[in-house]
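Notes to accompany the following structure.
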Amino acid sequence: MKQLPRRGEEWRSAFLEALANTSNVTASARAAGINKSTAYCARRTDREFKRQWRTALCEGYDNLEMELLQRLRSGQKPSIKTKFDNATALRILISHRKEVSEERALQEHEDEAEILASLTRKLNQMREREAEVRQTLMAEGKHPPKDHA
């Protein structure tokens, strides 16, 4: 059964899910009911979609790497239902290693930036509370404790 083309933006989630599962743009476009040029155009013009694309590819390459390792360890042979080429899988992983490494670095950097921002907010809240306590003590005629810095 042929899939009808999807309108507007609704194809994106289907495309990204398929991309994470297959690492294949053509197959992902087919699963989303679009032409692959639509996906490439969206990637060029939409920064968030480009980020999601890269994240999906990273997941897909992780899946491919795990599959390849499992096949190499188990010595699994292709059957009539499954056809694969370990050498091709390895070439794909190697050719996209840089892109995957860059995406992981970006994700880690985002996480690091979020952690630092959270710590800064907490420190500022602590400083504000300390200032309030000092003001209260001074208003009551008491001497606030000295800084331990």
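The values are calculated or read from the model by the stated rules, or taken from the named source; none is laboratory data. Please read all numbers here as calculations on a predicted model, not as lab measurements. With ideal geometry, Cβ positions are generated from the backbone for all residues, glycine too; neighbour counts draw on all protein chains shown. Ligands, DNA and RNA are excluded from the accessible area calculation, which covers all protein heavy atoms including side chains. Shrake-Rupley method; radii C 1.70, N 1.55, O 1.52, S 1.80 Å.
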| Single condition K81 does not satisfy, out of (1) among the basic types (K, R); (2) modelled with pLDDT under 70; (3) closer than 16 Å to S23 by Cβ | (3)
| message | Looking only at the stretch 46-73, count every residue that is among the acidic types (D, E) and closer than 15 Å to F15 by Cβ and tell me the total. | response | 3
| task | Hey, could you check the stretch 97-149 for residues that are part of a loop (DSSP other than H, G, I, E, B) and in contact with a Leu (Cβ under 9 Å, 6 or more places away or on another chain) and say which is modelled with the highest pLDDT? | result | H143
| remark: Note on the stretch 41-78: residues surrounded by 13 or more Cβ atoms within 10 Å (Cβ to Cβ) and basic (K, R) are R43, K50, R51, R54, R71
| Mind checking which pairs have a first residue in the stretch 14-37 that is over 14 Å from E59 (Cβ atoms) and open to solvent by 60 Å² or more (accessible area, probe 1.4 Å) and a second that is modelled with pLDDT under 95 and not in a helix (DSSP H, G or I), Cβ under 8 Å, 6 or more apart or different chains? | R30/Q3
